[in-house]
Amino acid sequence: MKSAVTTVISSADASARFPTLSDIESVKGSFDRAASRLEAAEKLAIHIDRFTSESLDYVYGSQSYDQANKDKCARDINHYLRLINYCLVTGGTGPLDEWGIAGMREVIRAHQLPTAAYIEALTYIRDKVNIPGDMNQQAAAEFKTLLDYLINALA
């Protein structure tokens with residue numbers, strides 16, 4: 001799984017070199033942000049069901065949609081948020097890259113689910129995170145960075 005450390009080591013190994021000072025500073029930056037990422041992961045775990053249901057209420061509202069599609073969207077948004085939680089813990093995008101982005105995009109297409117609904121739900125979550133109610137500002141920044149990464153990948 002990709003993390004800040006494995007990414008630096010893999011890159012150095014692929015170039016047949018030792019990690020550079022810049023590589024080491026990148027890893028140090030990841031370690032420096034670890035407390036904020038772990039707070040974000042903890043708060044996300046606490047609020048994951050609320051974030052999912054509020055985003056679906058926003059996307060689907062009171063309009064008449066096929067309940068099966070709405071349920072699939074809820075399941076998938078929750079799954080994406082759990083993957084983001086793993087990313088916050090590992091300090092890299094590996095869980096999203098390996099288990100979320102490519103495979104889920106195909107699942108969404110196969111089940112004929114509107115990708116726009118996922119993007120809209122994730123954008124809603126990103127824009128509605130309550131600081132300091134849900135998490136502090138630095139933790140929210142770590143969480144929002146991963147939400148943006150996922151939104152851009154699905155777009």
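The values are calculated or read from the model by the stated rules, or taken from the named source; none is laboratory data. Values in this document were obtained by computation on a predicted structure and should not be read as measured data. Cβ sites come from the backbone with ideal geometry, for glycine too, and all protein chains shown count toward neighbours.
In summary, GLY29 fulfils each of the numbered conditions (1) part of a loop (DSSP other than H, G, I, E, B); (2) modelled with pLDDT under 90 with the single exception of condition (1). Taking LYS43 as meeting all but one of (1) part of a helix (DSSP H, G or I); (2) among the basic types (Lys, Arg); (3) buried (at least 17 other Cβ atoms within 10 Å of the Cβ); (4) not assigned by TED's automatic domain parsing to the domain that holds ALA102, write down the number of the exception. Going through the list (1) part of a helix (DSSP H, G or I); (2) among the basic types (Lys, Arg); (3) buried (at least 17 other Cβ atoms within 10 Å of the Cβ); (4) not assigned by TED's automatic domain parsing to the domain that holds ALA102, LYS43 breaks only (4). Total residues in the stretch 84-133 satisfying the condition of being closer than 21 Å to SER53 by Cβ, among the polar types (S, T, N, Q) and at pLDDT below 85: the figure is 1.
For the stretch 119-150, the tally of residues that are closer than 21 Å to TYR65 by Cβ and either hydrophobic (A, V, I, L, M, F, W, C) or under 12 Å from the mean Cα position of the chain (by Cα) (or both) stands at 5.
For GLU98, state whether it is acidic (Asp, Glu) and surrounded by 12 or more Cβ atoms within 10 Å (Cβ to Cβ). Full working, then the answer.
Numbers: acidic (Asp, Glu): yes; surrounded by 12 or more Cβ atoms within 10 Å (Cβ to Cβ): yes.
Yes: the conditions hold for GLU98.
Scanning the stretch 1-14 for residues that are surrounded by 11 or more Cβ atoms within 10 Å (Cβ to Cβ) and either among the aliphatic types (A, V, I, L, M) or over 28 Å from PHE143 (Cα atoms) (or both) yields a total of 7.
The residues of the stretch 57-94 that are part of a helix (DSSP H, G or I), surrounded by 21 or more Cβ atoms within 10 Å (Cβ to Cβ) and touching a Cys at 6+ places or on another chain (Cβ under 9 Å) amount to a single one, VAL59.
Taking the numbered list (1) surrounded by fewer than 16 Cβ atoms within 10 Å (Cβ to Cβ); (2) within 30 Å of VAL5 (Cα to Cα) in turn, GLN112 passes all entries but (2).
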